[in-house]
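The values are calculated or read from the model by the stated rules, or taken from the named source; none is laboratory data. For clarity, every value in this text was computed on a predicted model and none was experimentally measured. Cβ placement follows ideal geometry from the backbone for every residue including glycine, while neighbour counts extend to all protein chains displayed.
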Amino acid sequence: MLRPDTISLTILLALLTALGPLSTDLYLPSLPAIARLLTASTAEAQLTLSAYLIGFALGQIFYGPISDRVGRKPVLLTALLIFMMASLACAASPTISALIAARFLQALGGSGAIVLARAVVRDLYSGARAGREFSLMGAMMALAPIVAPGFGGLVQTAWGWRVNFIILTAIGIMAMTAVWRLLPETLPESPPGDRSRIGLWRNFAALLRHRSFVAHLAMVATSYAGLFAWISSAAFVLQDLYGLTAMGFGVAFALASLGYMIGTSLAARLVIRLGLDRTMGLGGLALSVGGLALIAAVALHLTSAAALVLPFAFYLAGLGLAMPQALAGALSAFPDHAGAASSLVGFAQQSMAALVGALVGHLLGNSAWPLAASIAIMGCLTLAVWALSRGIRSA
């Protein structure tokens with residue numbers, strides 16, 4: 001079994017949190033082809049992403065509270081089994097409706113991995129140390145959006161979209177095996193508090209009454225929503241409006257994702273020295289600057305894809321600085337209910353992302369304005385919440 005404060009445990013937890021990005025980023029270059037081959041509209045193809053986000057949000061409500069009662073490991077293994085079987089169903093889907101349904105089930109499984117990985121971190125660490133662990137996991141997880149779109153574009157070109165979901169099935173099997181053999185149970189043997197179903201819902205209510213928790217939650221949700229505005233529309237904007245191929249889009253997406261790796265790597269070094277609050281502030285500033293730079297690029301009618309990719313890379317650097325610290329801040333006050341807190345954070349995060357992503361997809365036409373405006377709004381909101389809630393969070 002892996003021990004705390006080891007890089008091996010961090011790598012395993014990063015793999016679990018990477019299942020979500022892999023499940024979206026790997027097949028993104030295939031979205032136009034899926035729409036064509038399954039005789040679906042652009043909006044129907046985007047529903048495969050929206051359905052995943054909705055399932056990811058709903059699934060997170062249940063995993064954390066259940067794991068607070070019965071343990072992290074058995075619940076995590078169950079979630080990974082659901083993810084693996086649903087990924088196989090995605091690969092075999094004969095229609096767009098079947099693919100949308102299978103993606104929803106895939107998300108129900110994948111959501112458990114990220115909720116329980118966060119709960120394990122909170123079981124083992126607290127404060128700036130937890131922030132550093134989330135940042136290290138984020139730096140490793142950032143390999144997924146860097147590598148996955150380019151690899152997915154290569155797979156799409158060589159074998160077609162279904163093979164991407166077969167690859168996800170294999171990853172699910174590997175994750176299950178690693179958790180079963182290597183992950184220790186981290187839930188304390190006798191955690192205090194009411195473990196009845198009523199008690200679990202009371203825990204949610206108590207979390208939402210905690211002003212510091214809500215402030216951190218808002219920063220997680222708004223910053224992450226900007227990311228999904230990009231994910232839900234970048235394939236269509238960069239390929240249909242800016243002329244990139246599926247492979248070219250994968251490369252552009254990967255280059256933008258380097259920003260997140262840079263941000264999380266910086267955060268892992270800075271948070272112990274600067275603390276959660278100031279590291280979050282730097283991230284919020286980068287989020288807003290990146291979003292406003294996107295607005296400028298569209299307003300100036302710049303025609304190069306780099307005019308969108310580079311500002312969004314800056315946005316992602318801000319996300320890497322801010323979001324891991326906001327997660328640590330949200331979970332820090334609730335050591336006995338880390339699963340419930342992680343579930344509520346994940347639900348709000350994914351719900352906001354699904355809402356913004358669906359809105360951008362609906363508004364998307366022959367302009368990049370919906371993409372740029374939504375990202376700028378989310379970045380500026382994150383900075384505003386950080387600035388206005390400093391007294392609440394330090395109380």
Selection from region 113-129 of residues that are of a type outside the set (Asp, Glu), surrounded by fewer than 24 Cβ atoms within 10 Å (Cβ to Cβ), at negative phi and part of a helix (DSSP H, G or I) | 124, 128, 129
So residue 258 fits all but one of (1) in contact with a Gly (Cβ under 8 Å, 6 or more places away or on another chain); (2) farther than 18 Å from residue 372 by Cα; what number is the exception?
-> (1)
Take region 117-151 and flag every residue that is within 30 Å of residue 238 (Cα to Cα) and in contact with a Phe, Trp or Tyr (Cβ under 6 Å, 6 or more places away or on another chain).
-> 142, 149
The condition of being of a type in the set (A, V, I, L, M, F, W, C), under 15 Å from residue 25 (Cβ atoms), part of a helix (DSSP H, G or I) and at pLDDT 95 or above holds, among 312, 253, 249, only for 312
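For the structure I just gave you, tell me whether residue 378 is within 22 Å of residue 297 (Cα to Cα) and assigned to a helix (DSSP H, G or I). Steps first, answer last, please.
Details: within 22 Å of residue 297 (Cα to Cα): yes; assigned to a helix (DSSP H, G or I): yes.
Taking the combined requirement at face value, the residue satisfies it.
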Return the total of residues in region 38-76 being over 17 Å from residue 221 (Cα atoms), of a type outside the set (S, T, N, Q), part of a helix (DSSP H, G or I) and touching a residue at least 40 places away in the same chain (Cβ under 8 Å).
-> 17
Does residue 330 meet the test of being more than 24 Å from residue 233 (Cβ to Cβ) and either of a type outside the set (Ser, Thr, Tyr) or surrounded by fewer than 23 Cβ atoms within 10 Å (Cβ to Cβ) (or both)?
-> yes
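Within region 15-28, can you find the residues that are closer than 14 Å to residue 120 by Cα and more than 12 Å from the chain's Cα centre (by Cα)?
Matches in region 15-28: 15 only.
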Some residue of region 268-275 being within 20 Å of the chain's Cα centre (by Cα), buried (at least 20 other Cβ atoms within 10 Å of the Cβ) and closer than 21 Å to residue 10 by Cα | yes
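Let's see how each residue does on (1) more than 24 Å from the chain's Cα centre (by Cα); (2) at pLDDT below 85; (3) hydroxyl-bearing (Ser, Thr, Tyr):
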| residue | (1), (2), (3) |
| --- | --- |
| 189 | yes, yes, no |
| 204 | no, yes, no |
| 214 | no, no, no |
| 232 | no, yes, yes |
| 259 | no, no, no |
Looking at 387, 354, which is the one that is in contact with a Gly (Cβ under 9 Å, 6 or more places away or on another chain) and among the small types (Gly, Ala, Ser)?
-> 387
For region 1-28, name all the residues that are surrounded by fewer than 24 Cβ atoms within 10 Å (Cβ to Cβ), under 15 Å from residue 172 (Cβ atoms) and small (Gly, Ala, Ser).
-> 20
Is it the case that residue 106 is at negative phi, modelled with pLDDT under 95 and buried (at least 21 other Cβ atoms within 10 Å of the Cβ)?
-> no
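For every residue, the table says whether it meets (1) outside any helix (DSSP H, G or I); (2) touching a Ser or Thr at 6+ places or on another chain (Cβ under 7 Å).
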residue	(1), (2)
258	no, no
280	no, no
283	no, no
287	no, yes
304	yes, no
318	no, no
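Anything in region 77-95 that is in a helix (DSSP H, G or I), small (Gly, Ala, Ser) and more than 20 Å from the chain's Cα centre (by Cα)? List them, or say none.
Across region 77-95, the qualifying residues are 89, 91.
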Does region 156-173 hold any residues that are aliphatic (A, V, I, L, M) and touching a residue at least 60 places away in the same chain (Cβ under 8 Å), and which are they?
-> 163, 166, 167, 168, 171, 173
Of the residues in region 324-345, how many are farther than 13 Å from residue 128 by Cα and under 16 Å from the mean Cα position of the chain (by Cα)?
-> 4
Sole miss for residue 185 among (1) in a helix (DSSP H, G or I); (2) in contact with a Gly (Cβ under 9 Å, 6 or more places away or on another chain); (3) modelled with pLDDT of 90 or more is condition (1)
Does residue 294 fit the bill of being part of a helix (DSSP H, G or I) and at pLDDT below 95?
-> no
Residues in region 277-300 that are surrounded by fewer than 24 Cβ atoms within 10 Å (Cβ to Cβ), farther than 16 Å from residue 312 by Cβ and either in contact with a Pro (Cβ under 9 Å, 6 or more places away or on another chain) or of a type in the set (D, E, K, R) (or both) total 2
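Out of curiosity, is residue 98 in a helix (DSSP H, G or I), crowded, with 17+ Cβ neighbours inside 10 Å and at pLDDT 95 or above?
In short, no.
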